[in-house]
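A quick write-up on the structure given underneath.
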Amino acid sequence: MSLLRKQHSVLPGFGLSLGFTLAYLGLIVLVPLSAAFLKTAGMSWADFVAAVASPRVMAAYRLSFFASLAAASVNAFFGLIVAWVLVRYAFPGKRILDALVDLPFALPTAVAGIALTAIYAKNGWLGQWLEPQGVKIAFTEIGVFVALTFIGLPFVVRTLQPVLEELQPELEEAAASLGANRWQTIARVLLPELFPALLTGFALSFARALGEYGSVVFISGNMPMRTEIVPLLIITKLEQYDYRGATAIAVVMLTASFGLLLLINLIQKWSRRHHRV
Amino acid sequence: MAVVVTSTLVKPRALAGAPLRATQDPRWVRWLLTGIALGFLAFFLLLPLAAVFGEALRRGVGAYFAAVGDADALASVKLTLIAALISVPANVVFGVAAAWCIAKYSFRGKSLLTTLIDLPFAVSPVISGLIYVLVFGAQGWLGPWLIEHDVKIIFAVPGIVLATTFVTFPFVARELIPLMQAQGSEEEYAAITLGANGWQTFWRVTLPNIKWGLLYGVILCNARAMGEFGAVSVVSGHIRGETNTMPLHVEILYNEYNFVGAFAVASLLAVLALVTLVLKSIVEWRHAHAHVQAHAR
């Protein structure tokens, strides 16, 4: 308790609520997570490198990284348009559409996975028209990208919406009255204001895509070296009872995710300061 | 000042051929952007949703209800409900306790604690399952002891509950912390000053103030708890009728090429998702309403 020195407060329950919070956090989150790091710490460096840098694992990193990057980029572009339309324009059905943006958060990932496969497979809803044209989506890298775009869709929209709502109309009016045309106003006044939120949304969408499993495994076809994502590789190693190999890859992924989380926090801190000035 | 007031009252956009306001886009831009947004959302949201119900009903209503009423399907529904009924209340108690100590007191390490609470969101679902295997699995820290005492956690219901609790861990807390911070503690101080004890203050003052935020967190937490796939997949062992939750049962049926069965169970989960979105919208609306009323007072 000496470390967590509290200010004097008349409200009771500090010890009880903090104690429970720390105990629950420790038991459910921190102790199990540390198990992954400790298990890997017991490996020799050569074993670790062999586990996390074999050609098959490298191919999975590449696919996970570039498919997530592409999905987050597409979501940043269309998310900006969707957020703009939902905040600025009026049209029938807008409230329903606004609520529906959260569907990828609410729909279980396995359901999304089989639904996307039913659409893009060879005899699927769109696949039966696309495959004769030579466009293969299911069981290719593009399929992975489509699934990751679906699950990352709400992030950019939801981080941009509140910022767009709070933008002062005076900003645009001032720009216009000083002689800027609409494009100049958007490029030089609006986009710099929106940029921190856009970047946050992009990073959140990217981070979610890196770890995604359920929606991808059905549509990707899971071919080693080609359409195998990193989380699937962890499952494969577990099924072969290669716990050390699985954990070593997990530690690489955890390090990347925590790095991203830190980056997102820094962006938000920076944007708050930027806003105050 | 008077000039500004009149100009807003006249509403220039109502006049035909009047120049656009600085915040307005030309009509063709509005149509184009709305079209792109609607097309993107229809393609990525409505089409998959339609595919779930379309595929589920492909062989007719009879086949659909036969698939939903299947014994293994019902067992998976039951297990999903059990997992949610344990993990959601556990995370509610945690969320309230965490929000109470973070919002009502100041202490060192508070921002670190807030960051740590969000940690499970940054962890891949597969890794969320893996870490429990490392603790409770046969090869894990507690494995030998558990085997000796004949306690099954991994490949059994407790493992599923633990993994579900982990992935839904932050939902309630992250809803309540900013809400209780924004509300401040004046009403609680008043209650204590008037002689209420801690529990009375919580039940009669704090809880009524945070009820919409709490409900919002519970709705999101429950949706994720019932729909979680990756984490539960690692710890479940996939024993039909015993350790299969609904999303896992969808996978098994799908891999057996029983597409009607898979999509029928998936359609139940899709309905759950739609109900979640409706409830969420209602709570958002009520919450905003309550907020406005509180400010009007």
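Summary table
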read-out	value
Top-ranked residue of the stretch A:86-104 - restricted to ones that are assigned to a loop (DSSP other than H, G, I, E, B) and either touching a residue at least 60 places away in the same chain (Cβ under 8 Å) or more than 19 Å from the chain's Cα centre (by Cα) (or both), ranked as nearest to A:Glu212 (Cα to Cα)	A:Gly93
Residues of the stretch B:73-121 that turn out to be free of Cβ contacts under 8 Å to residues at least 40 places away in the same chain and among the hydroxyl-bearing types (Ser, Thr, Tyr), as a count	4
B:Val93, sole failed condition from (1) of a type in the set (Val, Ile, Thr); (2) facing another protein chain (nearest Cβ under 9 Å); (3) closer than 30 Å to B:Val205 by Cα; (4) crowded, with 16+ Cβ neighbours inside 10 Å	(4)
Test: residue in the stretch B:58-67 that is closer than 24 Å to A:Ile119 by Cα, in contact with a Phe, Trp or Tyr (Cβ under 8 Å, 6 or more places away or on another chain) and either within 12 Å of chain A (Cβ to nearest Cβ) or of a type in the set (Ser, Thr, Tyr) (or both)	yes
Scope the stretch B:146-162; condition assigned to a helix (DSSP H, G or I) and either acidic (Asp, Glu) or over 25 Å from the mean Cα position of the chain (by Cα) (or both); matching residues	B:Leu146, B:Ile147, B:Glu148
Residue in the stretch A:164-188 that is modelled with the highest pLDDT, counting only those that are of a type in the set (A, V, I, L, M, F, W, C) and in a loop (DSSP other than H, G, I, E, B)	A:Leu178
Helices (runs of 4 or more DSSP H) wholly inside the stretch A:202-277 containing at least 3 residues that are in contact (Cβ under 8 Å) with a residue 24 or more places away in the chain, over 22 Å from A:Trp45 (Cβ atoms) and touching a helix residue (DSSP H, G or I) at 6+ places or on another chain (Cβ under 6 Å)	A:214-220, A:243-276
Qualifying positions in the stretch B:43-71 - aliphatic (A, V, I, L, M) and surrounded by fewer than 13 Cβ atoms within 10 Å (Cβ to Cβ)	B:Val61, B:Ala71
All helices (runs of 4 or more DSSP H) inside the stretch B:70-145 with 2 or more residues being closer than 24 Å to B:Arg240 by Cα	B:71-104, B:125-136
Residue tally, condition in a helix (DSSP H, G or I), within 12 Å of chain A (Cβ to nearest Cβ) and free of Cβ contacts under 8 Å to residues at least 24 places away in the same chain, over the stretch B:204-240	1
Qualifying residue in the stretch A:55-74 (condition: over 23 Å from A:Arg208 (Cα atoms) and assigned to a loop (DSSP other than H, G, I, E, B))	no
Members of the stretch B:17-56 that are at the interface with chain A (Cβ under 8 Å from one of its Cβ atoms), within 22 Å of A:Val82 (Cβ to Cβ) and outside any helix (DSSP H, G or I)	B:Thr23, B:Asp25, B:Pro26
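Listed here are the residues, each with its yes/no results for (1) within 25 Å of the chain's Cα centre (by Cα); (2) surrounded by 24 or more Cβ atoms within 10 Å (Cβ to Cβ); (3) not assigned by TED's automatic domain parsing to the domain that holds A:Ser73.
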{"position": "A:Ala174", "(1), (2), (3)": "no, no, no"}
{"position": "A:Ser177", "(1), (2), (3)": "no, no, no"}
{"position": "A:Ala180", "(1), (2), (3)": "no, no, no"}
{"position": "A:Arg188", "(1), (2), (3)": "no, no, no"}
{"position": "A:Glu193", "(1), (2), (3)": "yes, no, no"}
{"position": "A:Leu198", "(1), (2), (3)": "yes, no, no"}
{"position": "A:Gly201", "(1), (2), (3)": "yes, yes, no"}
{"position": "A:Ser215", "(1), (2), (3)": "yes, yes, no"}
{"position": "A:Ser220", "(1), (2), (3)": "yes, yes, no"}
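The values are calculated or read from the model by the stated rules, or taken from the named source; none is laboratory data. Everything numeric here is computed off the predicted structure, so don't read it as measured data. Cβ atoms come from the backbone with ideal geometry, glycine included; neighbour counts cover every protein chain shown.
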